[in-house]
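J.: Take a look at this one; I'll ask things after.
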Amino acid sequence: MAKDAYGAKVKERVNWPITIALILLAIVVIVFPLYMTARISVSETMPTGLEIFTLPAHWDFANFLEAIKETQFFSSFLNSLLITVVAVVVSILLHSLAAYAIGRNMDRKPFKWSYLFIIAGMYVPFAILMMPLVKQTAILHLDNMLGVMILYIVFYMPMNIMLYTGYLRNIPIALEEAARVDGASTWTTFWKIIFPIMKPMHATVAVITGLAVWNDVMTPLVIMGGSGVYTLPLAQMSFQTAFGTDYPLAFASYLLAMLPMIIFYIFAQKQIIGGVTNGAVK
């Protein structure tokens, strides 16, 4: 039971119609597609009709071995993992630092205009930037994984700086003033005091940026297309083009592509939910 402002217990009311409707929606939109993916991936042939609701007579795991071979799963997985980890770590370090510099000087016009200019980047469609970026990265010899990492760090800068700047408003400036009285520099104050306090927002930024980078296919496609280097989503797209009609094999590859994120969520769901919730509330 919840408590009101005076500490008295108040019985919580549950809106059962909406709760049941949301549960049914989750089953239809999330649970059933996952079940169907797993069911088809272990079948020798594509199940038809009501056969989809029954277990296969013969479990065929050869589809997974074939999918691993055709999609170069392990190399694609390592490429995606490297790009995602670097993009997330550098984004947290740079974007939090930039947000601190801007957020604590918002009363000065250069910083305020810088903030507005950076945030405006959220409203620029990627389709407009696509062709200039392809040309520019080729000229700078950044049409590779390094170039993709740099682009991700830049692409998610507006959103992350907006999140960090909003979170900074809830951190008392008295903490920094006390640190300066003790002789700490601005640099030391940020890394020793402000950066650790922003842990909930770090978790939020890591989740949002990490999922977006991991699932993105367009940026690696236009920057590294034709280089022979694949991320997991890019390998899946190429695989779908070649084997889209072989449904058991195709669904096995889809399940393999989803597996890393599913495993990650199972082991880190507490930190993810806590980070997103705390980051949104504070």
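J.: In the set Thr84, Thr19, which member is modelled with pLDDT of 85 or more, among the β-branched types (Val, Ile, Thr), outside any loop (DSSP other than H, G, I, E, B) and not assigned by TED's automatic domain parsing to the domain that holds Leu142? Show your work before the answer.
T.: Details: Thr84 fails: not assigned by TED's automatic domain parsing to the domain that holds Leu142.
Matching residue, one of Thr84, Thr19: Thr19.
J.: Right, next: Out of all the residues in the range 114-132, which are surrounded by 11 or more Cβ atoms within 10 Å (Cβ to Cβ), within 24 Å of the chain's Cα centre (by Cα) and under 20 Å from His95 (Cβ atoms)? Even if it seems obvious, please write down each step before you answer.
T.: If we filter the range 114-132 for residues that are surrounded by 11 or more Cβ atoms within 10 Å (Cβ to Cβ), which is where we start, we get 114-115, 118-119, 121-122, 124, 126, 129-130.
Within this subset, residues satisfying the condition of being within 24 Å of the chain's Cα centre (by Cα) are 115, 118-119, 121-122, 124, 126, 129-130.
Correct list: Tyr115, Ile118, Ile119, Gly121, Met122, Val124, Phe126, Leu129.
J.: Further question: Mind listing just one residue for me: the one in the range 21-40 that is surrounded by 12 or more Cβ atoms within 10 Å (Cβ to Cβ) and over 26 Å from the mean Cα position of the chain (by Cα) and, of those, nearest to Ser253 (Cα to Cα)?
T.: The residue in question is Ile40.
J.: Go through the range 113-131 and give me each residue that's closer than 22 Å to Met224 by Cβ and either in contact (Cβ under 8 Å) with a residue 60 or more places away in the chain or in a helix (DSSP H, G or I) (or both).
T.: Within the range 113-131, Phe126, Ala127, Ile128, Leu129, Met130, Met131 meet the criteria.
J.: Going through the range 214-261 one residue at a time, which ones are aromatic (Phe, Trp, Tyr) and assigned to a helix (DSSP H, G or I)?
T.: Trp214, Phe239, Phe243, Tyr247, Phe251, Tyr254
J.: Another question, then. Within the range 160-209, track down each residue that is over 24 Å from Tyr265 (Cα atoms), touching a Leu at 6+ places or on another chain (Cβ under 9 Å), crowded, with 18+ Cβ neighbours inside 10 Å and not hydroxyl-bearing (Ser, Thr, Tyr).
T.: Once the filter is applied, which keeps residues that are over 24 Å from Tyr265 (Cα atoms), touching a Leu at 6+ places or on another chain (Cβ under 9 Å), crowded, with 18+ Cβ neighbours inside 10 Å and not hydroxyl-bearing (Ser, Thr, Tyr), the range 160-209 yields Phe190, Ile194.
J.: Let me ask something additional. Of the conditions (1) assigned to a helix (DSSP H, G or I); (2) of a type in the set (Gly, Ala, Ser); (3) not assigned by TED's automatic domain parsing to the domain that holds Leu151, Ser91 fails just one. Which one is it?
T.: That leaves (3) as the condition not met.
J.: Next question, about the same structure. What do you reckon, is Thr188 of a type in the set (Val, Ile, Thr), more than 26 Å from Asp216 (Cβ to Cβ) and part of a helix (DSSP H, G or I)?
T.: Against the criterion (of a type in the set (Val, Ile, Thr), more than 26 Å from Asp216 (Cβ to Cβ) and part of a helix (DSSP H, G or I)), Thr188 qualifies.
J.: Still on this structure: For the range 54-91, which positions are within 30 Å of Gly166 (Cα to Cα) and either among the β-branched types (Val, Ile, Thr) or more than 24 Å from the chain's Cα centre (by Cα) (or both)?
T.: Ile83, Thr84, Val85, Val86, Val88, Val89, Val90
J.: Could you run through the range 92-113 and say how many residues are surrounded by 15 or more Cβ atoms within 10 Å (Cβ to Cβ) and within 13 Å of Met162 (Cβ to Cβ)?
T.: 6
The values are calculated or read from the model by the stated rules, or taken from the named source; none is laboratory data. Computed from a predicted model, the values in this text were never measured in an experiment. Glycine gets a Cβ as well: all are built from the backbone with ideal geometry, and neighbour counts include every protein chain shown.
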